[in-house]
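Following: one structure in structure tokens, then a few remarks.
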Amino acid sequence: MMSEPSYWPVPPGRAPESFGDRRASPAELSLVFAAIVIGSALVGLAGGAVWAQFAPRAVYVAVGHGEAYVVNPETTAFIAGDACYCLIGAIGGLVIGLLGYLLAIRRYGPVPMAAVLAGSVIAGLVARWLGQNWGLAQFNNQLAVARSGTLLHAPLVLGGDTSQLLWPAIVFWPLTACLLAGGLAMMSALRVPSAPLG
């Protein structure tokens, strides 16, 4: 007595589909690469807007002549702002990695993976640029005309100093994006089709 096999037989002349085995033209791969980078930049814009809206800001007091000093030098607003950016970067990287894998990496292989890496770095830089420039012109205008003693909420500055290395932009966005997309790709590549039983 024979039972049904516990696998789906592969039609003759067709090999089982595996990770990234779809053949694509250079033009198609270029479009996929560009789409991932542009989509990642849009995720970065969204992340920068969220950071600008919800991250805590340090309070400054105007002292005249366009100068201001932080009200509480021991404020945690700078560290909290950086932590908020890093959390947004980790979440944004997961979104980029998951969508990149589901929409492109599992079909086309390593080229979209490179796009996820490049796009997530760009997303981090875009998020930083938008978050730090959100309200900057308004703050500068208020500071220029503020009387001594006026309290102002300063725009965000990642790392507390714009001259510092962009380590959060370079680490959190691409790290989470590539770990997730790469992990999913590795699990897909290691999946072995079931073999027929005796």
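The values are calculated or read from the model by the stated rules, or taken from the named source; none is laboratory data. Everything numeric in this text was worked out from a predicted model, so none of it was measured. Every residue, glycine as well, gets a Cβ built from its backbone with ideal geometry; the counts of neighbours run over all protein chains shown.
Tabulated values for the structure
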read-out	value
Criterion violated by Phe172 - all others in (1) outside any loop (DSSP other than H, G, I, E, B); (2) more than 15 Å from Ala55 (Cβ to Cβ); (3) modelled with pLDDT under 85 satisfied	(2)
Subset of the stretch 39-68 that is in contact (Cβ under 8 Å) with a residue 40 or more places away in the chain and among the β-branched types (Val, Ile, Thr) - its residue that is surrounded by the most Cβ atoms within 10 Å (Cβ to Cβ)	Val43
Residue among Arg128, Arg191 that alone is within 28 Å of Ile36 (Cα to Cα), modelled with pLDDT of 90 or more and of a type in the set (Lys, Arg)	Arg128
Of residues in the stretch 157-166 being touching a Leu at 6+ places or on another chain (Cβ under 9 Å) and hydrophobic (A, V, I, L, M, F, W, C), the one modelled with the lowest pLDDT	Leu166
The stretch 63-92 - residue that is under 30 Å from Ser148 (Cβ atoms) and either part of a strand (DSSP E or B) or touching a Lys or Arg at 6+ places or on another chain (Cβ under 9 Å) (or both) and, of those, modelled with the lowest pLDDT	Gly64
Count - residues of the stretch 114-152 that are within 30 Å of Gly183 (Cβ to Cβ) and of a type in the set (Val, Ile, Thr)	4
Test for Val95: is it modelled with pLDDT of 90 or more, part of a helix (DSSP H, G or I), within 18 Å of Gly48 (Cβ to Cβ) and not basic (Lys, Arg)	yes
Qualifying residue in the stretch 32-43 (condition: farther than 22 Å from Ala185 by Cα and at pLDDT 75 or above)	yes
Qualifying residues in the stretch 116-139 (those that are more than 12 Å from the chain's Cα centre (by Cα) and closer than 18 Å to Ala41 by Cβ) - the one surrounded by the most Cβ atoms within 10 Å (Cβ to Cβ)	Gly131
